[in-house]
1. Checking V124 against (1) at pLDDT 90 or above; (2) hydrophobic (A, V, I, L, M, F, W, C); (3) within 22 Å of R73 (Cα to Cα), which test does it fail?
2. In the range 108-131, what count of residues is obtained for those that are within 11 Å of L94 (Cβ to Cβ) and either surrounded by 14 or more Cβ atoms within 10 Å (Cβ to Cβ) or in contact with a Gly (Cβ under 7 Å, 6 or more places away or on another chain) (or both)?
3. Pull out all pairs, ordered by first then second residue, where Cβ-Cβ is under 7 Å, the residues are six or more apart or on different chains, the first lies in the range 159-176 and is polar (S, T, N, Q), and the second is part of a loop (DSSP other than H, G, I, E, B).
4. Could you list, in sequence order, the residues of the range 68-93 that are part of a helix (DSSP H, G or I), aliphatic (A, V, I, L, M) and touching a helix residue (DSSP H, G or I) at 6+ places or on another chain (Cβ under 6 Å)?
5. For the range 94-128, which residues satisfy the criterion of being touching a residue at least 24 places away in the same chain (Cβ under 8 Å), basic (K, R) and assigned to a helix (DSSP H, G or I)?
6. Consider F171 against the criteria (1) within 21 Å of the chain's Cα centre (by Cα); (2) at pLDDT below 95: it satisfies all of them except one. Which criterion is unmet?
7. Quick one: how many residues across the range 175-184 are out of contact with any helix residue (DSSP H, G or I) (no Cβ under 7 Å at 6 or more places or on another chain) and farther than 18 Å from A110 by Cβ?
Amino acid sequence: MHYRPVFLLSSLLLATYLWPTPAQAQVRRCTGSDGGTVFTDRRCADIGGVDRLQPLGPAGRGTHNLYRGGCARNLQDLVYELTTAIDTHDANRLASLYHWTGMSSRQGYAVMARLGVVVKRPLVDIAPVMPASSDDVDGDLYPQTTVRRAPVALRVEQTLANGSTPSRSVFGLHRHFGCWWIRG
């Protein structure tokens, strides 16, 4: 009879040893051959991708304040994303830069249609639109200091499909929750 407790104890130890433990998987963020993001627990090379690289911003610098699906923390990043959206003909990427707050569904559809037209045209330039200066009557009599102000809008210069007819779109700038957005 004294074999029964030993048998139960050894069975319990064997069951504890064989009990499955939760697996620790590392999730990797990879860039696939098509440029899309792939999340996997395997090595990126195993699925034909590469490790996700930090996107390059203007002048080859990494954009620390912007990530896909995030927001532009400065105007330079906003212009870069706007340029990229138009160059890649990606209306959804352009829409991610738009400040949609307070807009009705009807207005939203109209804006989305406008953005779809904008991304189809070849980009020539994006220029800032500065606020109007407030010159007073005696402005020429007193020395003036230069006040650096942020632009109030971005002017997108494009051409129509024929490549020679100019087209211009102006997007107002709006700062909300520490991010820069465009408005129509």
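The values are calculated or read from the model by the stated rules, or taken from the named source; none is laboratory data. Since the model is a prediction, treat every value here as computed from it, not as a measurement. Neighbour counts run over all protein chains shown; Cβ positions are idealised from the backbone, glycine included.
1. It fails just one condition, (3).
2. So the count comes out to 7.
3. T159/R121; T159/P122; T159/T165; S167/R121; S167/L160
4. First pass over the range 68-93, keeping only residues part of a helix (DSSP H, G or I): 75-87, 91-93.
Filter once more, keeping what is aliphatic (A, V, I, L, M): 75, 78-79, 82, 85-86, 91.
Once the filter is applied, which keeps residues that are part of a helix (DSSP H, G or I), aliphatic (A, V, I, L, M) and touching a helix residue (DSSP H, G or I) at 6+ places or on another chain (Cβ under 6 Å), the range 68-93 yields A85, I86, A91.
5. At the first step, the residues of the range 94-128 found to be touching a residue at least 24 places away in the same chain (Cβ under 8 Å) are 94, 96-99, 101, 111, 114-116, 118-128.
Then keep just the ones that are basic (K, R); that gives 114, 120-121.
If the condition is that a residue be touching a residue at least 24 places away in the same chain (Cβ under 8 Å), basic (K, R) and assigned to a helix (DSSP H, G or I), then R114, K120 are the ones that fit.
6. (2)
7. Looking only at that region, the number is 5.
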